[in-house]
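Comments concern the structure below.
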Amino acid sequence: MAMSKGNPFPRAFVNGTLAVICLIWLIPTLGLFVSSFRPRDEIMSSGWWTVLPHKQWVTVSEMKPDATIDRNAPMTFEGATATFEQFRQGVETADGKRVVWIGNKRAGTVQVQQQEWSGLPSVTLQNYHDVLAGKDVTIQSDTGEEAVRKGEDMSDAFINSIAVTLPAVIIPILMAAFAAYGFAWMRFPGRKLVFALMVALLVVPLQIALVPVLTDYVHLRLNGTYLSVWLAHTGFGLPLAVFLLYNYISSLPREIMEAAIVDGASHFKIFWRLVLPLSTPALASFAIFQFLWVWNDYLVALIFIGNVPGVQVLTMRLADMVGSRGSDWHLLTAGGFVSMILPLVIFFSLQRYFVRGLTAGSVK
Amino acid sequence: MSDRTTDADALSAELARSRRRRNRALLTLIGGILAAVALFEGFFLLRDSQAPKLVTALFAMVWGGGGMAILYLVANQLAEFAPSEWQKRLIPIVFVAPAIAFVVYFLALPAVRTFIASLYDRDGTNFVGLANYITVFTEPFMLVTFRNNVLWIVFGATFTIISGLLVATLADRSRFESLAKAIIFMPMAISLVGAGVIWKFIYAVRDPSDVQIGLLNAIVVAFGGEPQAWIAQLQPWNNLFLIVIVIWMQTGYAMVLFSAAIKAVPSDILEAARVDGAGEFRIFFSILIPSIMGTIVTVSATVIIFTLKIFDVVLVMTGGQYGTDVIATQFYNQYFTNRNFGLGSAIAIVLLITVIPVMVYNLRQFNKRETL
């Protein structure tokens with residue numbers, strides 16, 4: 001048997017399949033990443049995968065066909081004989097060259113091309129400059145005309161995203177930790193019922209809350225401010241936070257708690273000196289969750305910030321660009337990457353905590 | 001004589017203690033009032049702040065984190081001055097009340113308010129009973145919306161589970177486990193809007209005479225086909241091209257949970273089956289799948305909830321055009337674009353009702369675990 005006892009599938013088969021799946025998963029993001037560094041006219045004239053070394057037709061000579069040649073009959077160039085329509089498509093000669101008719105029938109030119117390896121792809125940071133800049137940027141169109149228009153000002157949106165995200169992560173953590181401790185280690189009437197409410201609210205769709213909260217926000221003149229989003233994300237994030245931290249805090253060894261109570265420590269002291277430091281991994285898990293959730297959120301920002309300029313976060317700016325610059329892929333790809341760089345960095349550096357939170361957060 | 005001095009000493013010590021106690025209580029009270037005022041004033045300060053953005057954010061973190069900490073401390077101190085049987089009742093309230101207040105105001109109460117709004121007409125003036133719900137379940141555009149959500153659930157959940165299970169099983173047997181997992185997992189860190197941009201680029205279509213820069217159409221053209229507008233044509237199957245995005249994003253989540261579950265299956269059971277001559281597929285379907293059934297249900301529930309609420313992807317990719325509206329985008333359209341508050345609220349309530357089975361399931365599971 002070709003299969004070993006410990007690993008009954010051939011290793012090559014396992015690794016091969018896995019590699020194919022990983023490649024499929026990677027390609028979409030790779031396309032965005034590569035394109036964001038390509039010059040605008042190259043993005044529009046060739047697929048991003050052409051940056052890989054490949055053979056391509058390169059023009060080696062060009063000539064003007066003699067005006068006397070009958071263009072409606074088969075013609076001969078470089079030893080290839082074909083009709084005008086065929087030359088328009090490109091005709092390959094016996095020695096591996098290609099003859100192409102460029103332009104119209106009467107005044108066009110004929111190019112002789114041959115296959116050569118593509119050189120190094122050109123790399124530019126202009127796209128990033130254009131999306132990040134808040135001031136006017138000069139854009140050169142295909143025809144060489146220069147147009148000045150406003151930059152996408154994503155650097156401003158980036159700062160807004162940070163300003164929205166950090167407090168929206170910090171504020172709920174402490175509140176959730178207190179509540180989780182209360183539910184896990186205190187006895188009070190209605191404890192089970194109230195906690196069941198928390199668990200039930202875990203899956204409640206936000207849509208249900210948006211309108212009444214927005215109504216109140218308008219009365220309080222809160223809409224369009226950071227504060228509105230911080231408070232909303234705190235409220236929306238709390239059920240998961242309490243649930244995650246409860247799972248962790250309730251599983252702390254009972255002996256430690258009891259020893260502390262026997263020593264005469266108050267609940268507050270136990271919580272502050274003992275439980276909070278011990279819960280760091282769970283706090284970190286939730287912090288990453290909440291960070292990714294708030295940073296990547298579009299709906300809450302869209303409703304509560306709306307179209308107030310100067311406060312818009314990255315997801316909103318990016319979604320606006322999709323609407324207004326739908327085919328400017330040099331801007332969309334760079335903008336897309338700007339919006340995902342920070343979560344990717346956080347995600348890969350703290351993946352451990354994130355995974356732990358995922359497995360703890362599901363009601364098994 | 002000596003007795004009397006001791007008495008006097010004890011008395012003055014007692015007096016000093018009670019004075020200290022009183023002073024501390026007073027200080028705590030003042031501190032509490034100051035903290036409450038700071039929190040309250042901070043609210044208006046932050047609402048109307050013109051300071052540089054990051055300064056405001058930094059201040060907000062101190063305001064939110066520090067303010068809450070002081071408030072907790074003060075409330076706890078005050079509760080500790082209360083007689084001990086009152087303490088028992090007050091201190092838990094200090095611990096859990098703020099979180100409960102937030103959750104009630106931001107989630108529980110709005111559900112009731114939205115339900116009430118759903119019984120009124122488009123600008124909330126006249127009571128119309130269940131008329132909005134009749135519209136929700138009879139209007140053709142709503143039926144298309146529901147059909148799409150069913151497509152999302154059926155295809156999204158099924159393929160996420162299958163691909164998650166496949167990757168978890170393969171990665172478990174590979175030396176490149178952590179690398180493969182990180183790659184499959186990565187889309188989870190990306191926003192749905194960002195993912196929308198990524199995939200819009202893949203589906204990009206141009207005139208057949210132009211070079212195709214969208215990967216999918218480039219592949220189709222390379223095989224001699226005609227470029228297609230994937231997300232606009234072939235309704236309702238164009239929805240599948242949007243659903244692919246969510247499968248791409250959620251497979252990582254399914255993989256992580258399945259991977260943990262697979263590793264928890266005792267290896268001696270698997271070995272025993274192998275010794276008995278069971279093939280690898282037999283082991284997979286007869287041993288592995290049944291032992292991780294609980295996780296499969298959990299992942300399905302989570303993915304179903306996720307797809308039910310799907311919003312950003314559809315809004316970015318099509319804006320709900322070409323028959324791709326889902327409940328969440330329809331809610332947004334009706335409420336914010338059409339300004340039909342009653343209908344919008346009714347749609348939100350329907351969305352809430354659809355997640356109730358999962359809610360009940362979660363509660364059951366939780367109760368089961370807690371009584372153990």
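The values are calculated or read from the model by the stated rules, or taken from the named source; none is laboratory data. Quick caveat: nothing in here was measured; it's all calculated off a predicted structure. Cβ: placed from backbone, ideal geometry, glycine included. Neighbour counts: every protein chain shown. With ligands, DNA and RNA removed, areas are computed over all heavy atoms of the protein, side chains included. Shrake-Rupley method; radii C 1.70, N 1.55, O 1.52, S 1.80 Å.
For the reader, a short list of remarks on this structure follows.
- Within the stretch A:323-353, being crowded, with 22+ Cβ neighbours inside 10 Å and among the hydrophobic types (A, V, I, L, M, F, W, C) holds for A:Trp329, A:Leu331, A:Leu332, A:Ala334, A:Phe337, A:Val338, A:Met340.
- Matching residues, the stretch B:324-349, being of a type in the set (Ser, Thr, Tyr) and facing chain A (nearest Cβ under 9 Å): B:Tyr332, B:Tyr335, B:Ser345
Yes/no per residue for (1) touching a Leu at 6+ places or on another chain (Cβ under 8 Å); (2) β-branched (Val, Ile, Thr); (3) part of a helix (DSSP H, G or I):
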site	(1), (2), (3)
B:Ala278	no, no, no
B:Pro290	no, no, yes
B:Thr298	yes, yes, yes
B:Thr302	no, yes, yes
B:Phe306	no, no, yes
B:Gly320	no, no, no
B:Gly323	no, no, no
B:Gln330	no, no, yes
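- In this structure, B:Ala301 does not satisfy being buried (at least 16 other Cβ atoms within 10 Å of the Cβ) and over 30 Å from B:Arg147 (Cβ atoms).
- Hits in the stretch B:262-288 - residues which are in contact (Cβ under 8 Å) with a residue 60 or more places away in the chain and either open to solvent by less than 80 Å² (accessible area, probe 1.4 Å) or facing chain A (nearest Cβ under 10 Å) (or both): B:Ile262, B:Phe284, B:Leu288
- Residues of the stretch A:92-104 that are open to solvent by 70 Å² or more (accessible area, probe 1.4 Å) and in a loop (DSSP other than H, G, I, E, B): A:Ala94, A:Asp95, A:Asn104.
- Residue list for the stretch A:305-322, restricted to those being exposed (fewer than 15 other Cβ atoms within 10 Å of the Cβ) and either assigned to a helix (DSSP H, G or I) or of a type outside the set (S, T, N, Q) (or both): A:Val308, A:Pro309, A:Gly310
- The condition of being closer than 25 Å to B:Val313 by Cα and either over 22 Å from the mean Cα position of the chain (by Cα) or assigned by TED's automatic domain parsing to the domain that holds B:Val313 (or both) holds for only one of B:Val167, B:Val128, that being B:Val167.
- For B:Trp86, the test of being among the hydrophobic types (A, V, I, L, M, F, W, C) and touching a helix residue (DSSP H, G or I) at 6+ places or on another chain (Cβ under 6 Å) is failed.
- As for the stretch A:335-342, it holds no residue that is over 30 Å from A:Gly47 (Cβ atoms) and out of contact with any Phe, Trp or Tyr (no Cβ under 8 Å at 6 or more places or on another chain).
- Just one of the listed residues (B:Val193, B:Val150) is in a helix (DSSP H, G or I), under 30 Å from the mean Cα position of the chain (by Cα), exposed (fewer than 15 other Cβ atoms within 10 Å of the Cβ) and at pLDDT 85 or above, namely B:Val150.
- Any hit, the stretch A:18-38, residues being within 30 Å of B:Val244 (Cα to Cα), assigned to a loop (DSSP other than H, G, I, E, B) and touching a residue at least 12 places away in the same chain (Cβ under 8 Å): yes
Rundown of residues vs (1) touching a Pro at 6+ places or on another chain (Cβ under 8 Å); (2) more than 29 Å from A:Pro172 (Cα to Cα); (3) modelled with pLDDT of 75 or more, yes/no style:
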{"position": "B:Val37", "(1), (2), (3)": "no, no, yes"}
{"position": "B:Gly64", "(1), (2), (3)": "yes, no, no"}
{"position": "B:Phe81", "(1), (2), (3)": "no, no, no"}
{"position": "B:Gln87", "(1), (2), (3)": "no, no, yes"}
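- Subset tally (residues that are more than 14 Å from every other protein chain (Cβ to nearest Cβ), among the hydrophobic types (A, V, I, L, M, F, W, C), open to solvent by 70 Å² or more (accessible area, probe 1.4 Å) and under 45 Å from the mean Cα position of the chain (by Cα)) for the stretch A:42-88: 1
- Among residues of the stretch A:219-230 being open to solvent by 10 Å² or more (accessible area, probe 1.4 Å) and without any contact (Cβ under 8 Å) to a residue 12 or more places away in the chain, the one that is farthest from the other protein chains (Cβ to nearest Cβ) is A:His219.
- Residue in the stretch A:131-149 that is modelled with the lowest pLDDT, counting only those that are open to solvent by less than 30 Å² (accessible area, probe 1.4 Å) and in contact with a helix residue (DSSP H, G or I) (Cβ under 6 Å, 6 or more places away or on another chain): A:Val137
- Count of residues meeting criterion [surrounded by fewer than 23 Cβ atoms within 10 Å (Cβ to Cβ) and more than 20 Å from the chain's Cα centre (by Cα)] in the stretch A:284-304: 1
- Complete set of residues in the stretch A:323-342 that are within 9 Å of chain B (Cβ to nearest Cβ) and either part of a helix (DSSP H, G or I) or among the charged types (D, E, K, R) (or both): A:Gly323, A:Trp329, A:Leu332, A:Thr333, A:Gly335, A:Gly336, A:Phe337, A:Ser339, A:Met340
- Of the residues making up the stretch B:350-372, those that are more than 7 Å from chain A (Cβ to nearest Cβ) and in contact (Cβ under 8 Å) with a residue 12 or more places away in the chain number 3.
- Of all residues in the stretch B:337-371, those satisfying the criterion of being among the hydroxyl-bearing types (Ser, Thr, Tyr) and under 18 Å from B:Phe137 (Cβ atoms) are B:Ser345, B:Thr354.
- Selection from the stretch A:46-91 of residues that are of a type in the set (Ser, Thr, Tyr) and either assigned to a loop (DSSP other than H, G, I, E, B) or touching a Lys or Arg at 6+ places or on another chain (Cβ under 9 Å) (or both): A:Ser46, A:Thr68, A:Thr83
- Among the residues of the stretch B:304-316, those identified as open to solvent by 30 Å² or more (accessible area, probe 1.4 Å) and more than 8 Å from chain A (Cβ to nearest Cβ) are B:Ile304, B:Phe306.
Listed here are the residues, each with its yes/no results for (1) open to solvent by 40 Å² or more (accessible area, probe 1.4 Å); (2) more than 27 Å from the chain's Cα centre (by Cα); (3) within 22 Å of A:Tyr217 (Cα to Cα); (4) more than 8 Å from chain A (Cβ to nearest Cβ).
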| site | (1), (2), (3), (4) |
| --- | --- |
| B:Pro52 | yes, yes, no, yes |
| B:Ala57 | no, no, yes, no |
| B:Gln77 | yes, yes, no, yes |
| B:Glu80 | yes, yes, no, no |
| B:Trp86 | yes, yes, no, yes |
| B:Pro98 | no, no, yes, no |
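- The stretch B:203-238, residues that are within 14 Å of chain A (Cβ to nearest Cβ) and not in a loop (DSSP other than H, G, I, E, B): B:Leu215, B:Leu216, B:Asn217, B:Ala218, B:Ile219, B:Val220, B:Val221, B:Ala222
- If you filter the stretch A:343-364 down to residues that are in contact with a Leu (Cβ under 9 Å, 6 or more places away or on another chain) and at pLDDT 85 or above, you find that the one that is farthest from the other protein chains (Cβ to nearest Cβ) is A:Ile346.
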